[in-house]
Amino acid sequence: MLSLGLLIIRLVIGVLFIGHGAQKLFGWFGGHGLKGTGGWFESIGMKPGVTLALLAGLSEFVGGLLFVLGLLTPLAGILIAATMLMAIIKVHGQNGIWVTSNGYEYNLTLIAVAIGVALIGPGQYALDAFLF
């Protein structure tokens, strides 16, 4: 049952991060693509915006894909947690914890999930279980 629970967590969180990465990289799912995301990054002081949008998008997309597959799970957890930490530092942290005030509670929850799964392991329904 533990492995099934970990699979559900990995699928939901991983697919959502793949989607967020695709928004930044390709403009899919209502996203703004690299140029639009890069412009927004520059507007909040993150320069060079397009380069940082590429790094953020790749981190979310690759981190999410690895998380779904349960492949290199510690790396997946770090990629996901790093993007959420940056979101807290650059966007949400100044608003306090509560998401109702555009705070960082959701980002912090995702960090806890990503790091928790990375530490526990992805379970038996994961490529890591077959390869390592």
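The values are calculated or read from the model by the stated rules, or taken from the named source; none is laboratory data. Bear in mind the structure is a predicted one, so any value in this text is a computation, not a measurement. All Cβ positions, glycine included, derive from the backbone under ideal geometry; neighbour counts span all protein chains shown. The area values use the complete protein model at the heavy-atom level, side chains included, leaving out ligands, DNA and RNA. Shrake-Rupley method; radii C 1.70, N 1.55, O 1.52, S 1.80 Å.
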### Query
From the list F61, F17, F41, which one is open to solvent by less than 40 Å² (accessible area, probe 1.4 Å) and in contact with a Leu (Cβ under 7 Å, 6 or more places away or on another chain)?
F41
### Task
Can you give me the number of residues within the range 18-37 that are among the small types (G, A, S) and not in a helix (DSSP H, G or I)?
3
#### Entry: Residue list for the range 39-65, filter: within 19 Å of F17 (Cβ to Cβ) and either free of Cβ contacts under 8 Å to residues at least 40 places away in the same chain or aromatic (F, W, Y) (or both)
W40, F41, L52, A53, L54, L55, A56, G57, L58, S59, F61
### Message
Looking at the range 103-132 only, could you name the residues that are more than 23 Å from K47 (Cα to Cα), assigned to a loop (DSSP other than H, G, I, E, B) and open to solvent by 60 Å² or more (accessible area, probe 1.4 Å)?
### Response
Q124, Y125, F132
### Query
Within the range 79-132, can you find the residues that are farther than 23 Å from L69 by Cβ, over 19 Å from the mean Cα position of the chain (by Cα) and either modelled with pLDDT under 95 or of a type in the set (V, I, T) (or both)?
T100
### Message
Quick check on my filter: what residues within the range 75-88 are more than 17 Å from F26 (Cβ to Cβ) and open to solvent by less than 70 Å² (accessible area, probe 1.4 Å)?
### Response
A76, G77, L79, I80, A81, A82, M84, A87, I88
### Sole exception among (1) in a helix (DSSP H, G or I); (2) surrounded by fewer than 19 Cβ atoms within 10 Å (Cβ to Cβ) for L71, by number
(1)
### Task
Please name all residue pairs, on different chains or six or more residues apart, with Cβ atoms under 8 Å, provided the first residue is in the range 6-20 and is without any contact (Cβ under 8 Å) to a residue 12 or more places away in the chain and the second residue is hydroxyl-bearing (S, T, Y) and open to solvent by 70 Å² or more (accessible area, probe 1.4 Å).
none
### Message
Among the residues of the range 38-47, what is the count of those that are assigned to a loop (DSSP other than H, G, I, E, B) and of a type outside the set (A, V, I, L, M)?
### Response
2
